[in-house]
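Novice: The structure under discussion is supplied below as C-alpha cells; questions concerning it will follow.
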Amino acid sequence: MRRQFGLPENSIRPKSLRWSIIPSSSGVLLRILLLSDIHANLEALEACLVAAPAYDLVANLGDIVGYGASPNEVIERSQSLGKIFVRGNHDKAATGLLQLDDFNPLAAAAAMWTRDQLPPEHHKWLQALPQGPIPLEGVPQAQLVHGSPGDEDVYIVSIGDALVPLLADATPLTFFGHTHLQGGFFANGNSADGFRPEYRTVGQAESVPLQLKPDTRYMINPGSVGQPRDGDWRAAFALFDTEAQIVHYHRTPYDLKAAQDRILAAGLPPRLATRLAAGR
C-alpha cells in the first residue's frame, strides 16, 4: 500500500528543491537507457535491448555479474553499450574487493564460481569500475549509485531508508539499483513517499510512465535486468527522457528456460535457476 509521509518540523531539509527541466550540458536533450543488476543473465539483457525504445546513451548501475552463468558474455555486451558504469557489490566480490562473509551461501557460491570464469582482462575491468555516486553524463542535476549516495552497499528499500539521501544530498535526482525492486521514492516540501509501477499483465512487454514534477527530489530504481525480486519474473529496465522529464519503466519477457539451463549446466546451485521464474 502506498503511503504519504508528512515531514516533521525538525526533519532534514534540502538546500534547494528548485529544478524542473534538466538540459544536457551540450544543450542536446537525451534519452538515457538505465540498466541495473544484470547479474550475468545474458538472455534477459538481450531481451531488454530488443524491447528498449530508441536511446542516446546507456547508464549501468552495477552488479553486472553474480548469480547468473554468463559473466563474460554480459561483460562484453555491457562494454559494447557505452562507458557509463558504477560498480556493484557482486562486481566487487567477483574480483576480491569485497569479502564474502556477509553474502548468503547462494551469493557466495556464485561469486566464487564467477571469479574462476573471468579472464584477466575482464577481472581487471570489473575491478576498475568506479564507486558511486558518479555524475550522469550530460545531465548535471542527476547522479548514479548502486546502493545509496552515502554508501554503495546500503539497501534503500523503504521510505525510511530513502529520507536522508533524498533530503540531505545536494543532487535532486538519483538513479540507484541494488534492491532489485523497480520503482523509487520522492520528497518535496510537504511529503515523501515510495512508488512502484503497476502493470496489467505478467507475461507481455509493457511500459509505465512516471512524470517527474518540479521542486521534487527523486530516487529512481529501474529494477533488475537479470534477477527481479518484486514477484515479476520479467526483465526490468527504464528509460529517462530528459526533454519530457518522464521516466518510462519497462518489463519484458525473455528466454527464461535458456537462462536457467545455463545455470544448471554450469554446476551452480539449482536454486539460482528456479528462483528466476518466481521473480524472487
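The values are calculated or read from the model by the stated rules, or taken from the named source; none is laboratory data. Because the structure is predicted, anything quoted here is derived from the model rather than measured. Note that each Cβ is placed from the backbone with ideal geometry, even for glycine, and that neighbours are counted across all protein chains shown.
Novice: Residue by residue through the stretch 96-114, note down the ones that are within 20 Å of the chain's Cα centre (by Cα) and more than 18 Å from Leu268 (Cα to Cα).
Specialist: If the condition is that a residue be within 20 Å of the chain's Cα centre (by Cα) and more than 18 Å from Leu268 (Cα to Cα), then Leu98 is the only one that fits.
Novice: Any residue at all in the stretch 124-139 that's small (Gly, Ala, Ser) and either buried (at least 21 other Cβ atoms within 10 Å of the Cβ) or at pLDDT below 95 (or both)? So that I can check it myself, show each step before the final result.
Specialist: Initially, the stretch 124-139 is screened for residues small (Gly, Ala, Ser), giving 128, 132, 138.
Keeping just the survivors that are either buried (at least 21 other Cβ atoms within 10 Å of the Cβ) or at pLDDT below 95 (or both) gives 132, 138.
Yes, because at least one residue in the stretch 124-139 is small (Gly, Ala, Ser) and either buried (at least 21 other Cβ atoms within 10 Å of the Cβ) or at pLDDT below 95 (or both).
Novice: Can I ask one more? Could you list, ordered by first residue, the pairs with Cβ atoms under 7 Å in which the first is in the stretch 157-168 and under 10 Å from Arg217 (Cβ atoms) and the second is modelled with pLDDT of 95 or more and of a type in the set (S, T, N, Q), at least 6 apart or interchain?
Specialist: Partner pairs satisfying both residue conditions: Pro165/Ser148; Pro165/Thr174.
Novice: Cβ-Cβ distance below 6 Å, separation of 6 or more or different chains: which pairs start in the stretch 196-211 with a residue that is under 16 Å from Leu239 (Cα atoms) and end on one that is of a type in the set (Gly, Ala, Ser)?
Specialist: Listed pairs, sorted by first residue: Arg196/Gly183; Ala205/Ala51.
Novice: Could you tell me which numbered condition Ala187 fails, if it satisfies all but one of (1) within 17 Å of Ile246 (Cα to Cα); (2) within 19 Å of the chain's Cα centre (by Cα); (3) touching a residue at least 40 places away in the same chain (Cβ under 8 Å)?
Specialist: Ala187 satisfies all of (1) within 17 Å of Ile246 (Cα to Cα); (2) within 19 Å of the chain's Cα centre (by Cα); (3) touching a residue at least 40 places away in the same chain (Cβ under 8 Å) except (2).
Residue by residue, here is whether (1) within 21 Å of Ser70 (Cα to Cα); (2) assigned to a helix (DSSP H, G or I); (3) at pLDDT 95 or above holds:
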residue	(1), (2), (3)
Phe237	yes, no, yes
Phe240	no, no, yes
Tyr249	no, no, yes
Lys257	yes, yes, yes
Ile263	yes, yes, yes
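Novice: Right, another one. Got a number for residues in the stretch 263-280 being over 21 Å from the mean Cα position of the chain (by Cα), surrounded by fewer than 20 Cβ atoms within 10 Å (Cβ to Cβ) and either over 29 Å from Asp116 (Cα atoms) or not small (Gly, Ala, Ser) (or both)?
Specialist: Of the residues in the stretch 263-280, the ones over 21 Å from the mean Cα position of the chain (by Cα) are 263-271, 274.
Imposing the further condition that a residue be surrounded by fewer than 20 Cβ atoms within 10 Å (Cβ to Cβ) reduces the set to 264-267, 269-271, 274.
Among the residues that remain, those that are also either over 29 Å from Asp116 (Cα atoms) or not small (Gly, Ala, Ser) (or both) are: 264, 269-271, 274.
Of the residues in the stretch 263-280, 5 are over 21 Å from the mean Cα position of the chain (by Cα), surrounded by fewer than 20 Cβ atoms within 10 Å (Cβ to Cβ) and either over 29 Å from Asp116 (Cα atoms) or not small (Gly, Ala, Ser) (or both).
Novice: Moving to a separate point now. I'd like the full set of residues that are closer than 15 Å to Val86 by Cβ and surrounded by fewer than 24 Cβ atoms within 10 Å (Cβ to Cβ), limited to the stretch 174-185.
Specialist: Here is the first cut: in the stretch 174-185, the residues closer than 15 Å to Val86 by Cβ are 174-179.
Listed by number, the list holds a single entry, Thr179.
Novice: Another question, if that's okay. Can you tell me which condition Val58 does not meet? The list is (1) within 17 Å of Ser224 (Cβ to Cβ); (2) part of a loop (DSSP other than H, G, I, E, B); (3) in contact with a strand residue (DSSP E or B) (Cβ under 9 Å, 6 or more places away or on another chain), and all the others hold.
Specialist: (2)
Novice: Next question, about the same structure. I need the full set of residues from the stretch 51-66 which are buried (at least 20 other Cβ atoms within 10 Å of the Cβ) and charged (D, E, K, R), in order please.
Specialist: Asp63
Novice: Right, something else. In the stretch 67-96, which residue that is outside any helix (DSSP H, G or I) and of a type outside the set (Gly, Ala, Ser) is surrounded by the most Cβ atoms within 10 Å (Cβ to Cβ)? It would help to see each step written out before you state the result.
Specialist: Initially, the stretch 67-96 is screened for residues outside any helix (DSSP H, G or I), giving 67-70, 82-88, 95-96.
Within this subset, residues satisfying the condition of being of a type outside the set (Gly, Ala, Ser) are 67, 83-87, 95.
Numbers: Tyr67: 29, Lys83: 10, Ile84: 21, Phe85: 26, Val86: 26, Arg87: 24, Thr95: 22.
Filtering the stretch 67-96 for residues that are outside any helix (DSSP H, G or I) and of a type outside the set (Gly, Ala, Ser), the one surrounded by the most Cβ atoms within 10 Å (Cβ to Cβ) comes out as Tyr67.
Novice: I've got another one for you. Any residue in the stretch 227-243 that's in contact (Cβ under 8 Å) with a residue 24 or more places away in the chain and surrounded by fewer than 23 Cβ atoms within 10 Å (Cβ to Cβ): show its pairings with residues that are part of a strand (DSSP E or B) and aromatic (Phe, Trp, Tyr) at Cβ separation under 9 Å, as long as the two are six or more apart or on different chains.
Specialist: The qualifying pairs are Leu239/Tyr249.
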